[in-house]
Amino acid sequence: MMNYEIFKEVVKEKFMDYMPDSFKGMELIVRPAEKVNMTYDAINIRGEDTTISPTIYINDMYEKYQSCGDLEETLMAACDLMAMEFAKTPQVVDVDSLYKDADEKVVFQLINTEQNKSFLEQVPHREFQDLSIIYKLVVNADTESIQSIKVTNSLAERLGMNEEQLFKYAAENTRRILPPRIRNMNDVMKEMFLSDGMPEEIAEMMIREVPPEQTLWIISNNRGIDGAVSMLYENELHELAENLESDLYILPSSVHEVLAVSV
């Protein structure tokens, strides 16, 4: 089985061979993409009439290759995904319209500072404990998904916003677009059991009743996306602490949620 670096070179050479005929003559672009906690190898396709290309990652392709052991199957699946995403992506886009009313679309995200030093050099941010607050621009949000782009230093300049302004707008917008949500771990586990088809009475038996002051609480938002930032809103934490009549330990677990437990 190929190691990752060899696999990446093969993908560069062979990827376009597996794309449908309608993509012939287009150019494959492979570029590093800074994501939270690591850098990925991103793939885009560019043509004369193409303004926007979906992005897929060689890293994800390599995971599939390791799982199935078949290079051709891996390439075919990736190309099918690229073609499908291309079909859903509008090719005539007014870029300026994406940034219209940006002050109403900026939201927070929390990431680990130590693990994202190079990434943080590229974006406006402020430190919070051992974490960093960064900003995203929500370009579309509906009942099923939310689409956003990170606010880089260059985008912030284009928007005419400094970090203080971004923080001010995001403090209001995040609560509105991604309102905080605090849930008991027992309730979350019960929902998981029920969604898997378990009868309610069995689900009740599976969950050992734990007094509220001894249970874990999940702090996120109504979408469960980038919900760790909800711990920046003190009112909800204060209300939980008041109800439990206790101080709280806050345990960051991912960018999507943090856990709280009574002291």
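The values are calculated or read from the model by the stated rules, or taken from the named source; none is laboratory data. Predicted model, so just to flag it, every value in this text is computed and none were measured. Virtual Cβ from ideal backbone geometry, glycine too; neighbours counted across all protein chains shown.
Some values worked out for this structure:
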{"quantity": "Region 60-76: number of residues that are in contact (Cβ under 8 Å) with a residue 40 or more places away in the chain and surrounded by 14 or more Cβ atoms within 10 Å (Cβ to Cβ)", "calculated": "5"}
{"quantity": "Test: residue in region 214-229 that is farther than 30 Å from Lys105 by Cα and assigned to a helix (DSSP H, G or I)", "calculated": "yes"}
{"quantity": "Region 112-141 - residue that is among the β-branched types (Val, Ile, Thr) and over 15 Å from the mean Cα position of the chain (by Cα) and, of those, nearest to His256 (Cα to Cα)", "calculated": "Thr113"}
{"quantity": "Selected residue (only one of Ala171, Ala228 is within 17 Å of Phe128 (Cα to Cα), modelled with pLDDT of 85 or more and surrounded by fewer than 17 Cβ atoms within 10 Å (Cβ to Cβ))", "calculated": "Ala171"}
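Table: residues versus (1) in a loop (DSSP other than H, G, I, E, B); (2) in contact (Cβ under 8 Å) with a residue 24 or more places away in the chain; (3) within 19 Å of the chain's Cα centre (by Cα).
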{"site": "Ala156", "(1), (2), (3)": "no, yes, no"}
{"site": "Met161", "(1), (2), (3)": "yes, yes, no"}
{"site": "Lys168", "(1), (2), (3)": "no, no, no"}
{"site": "Arg175", "(1), (2), (3)": "no, yes, yes"}
{"site": "Ile182", "(1), (2), (3)": "no, yes, no"}
{"site": "Asn186", "(1), (2), (3)": "no, yes, no"}
{"site": "Lys190", "(1), (2), (3)": "no, no, no"}
{"site": "Leu194", "(1), (2), (3)": "no, no, no"}
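Yes/no per residue for (1) exposed (fewer than 15 other Cβ atoms within 10 Å of the Cβ); (2) touching a Pro at 6+ places or on another chain (Cβ under 9 Å); (3) at pLDDT below 90:
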{"residue": "Asn3", "(1), (2), (3)": "yes, no, no"}
{"residue": "Lys14", "(1), (2), (3)": "yes, no, no"}
{"residue": "Tyr18", "(1), (2), (3)": "no, no, no"}
{"residue": "Lys24", "(1), (2), (3)": "yes, no, yes"}
{"residue": "Pro32", "(1), (2), (3)": "yes, no, yes"}
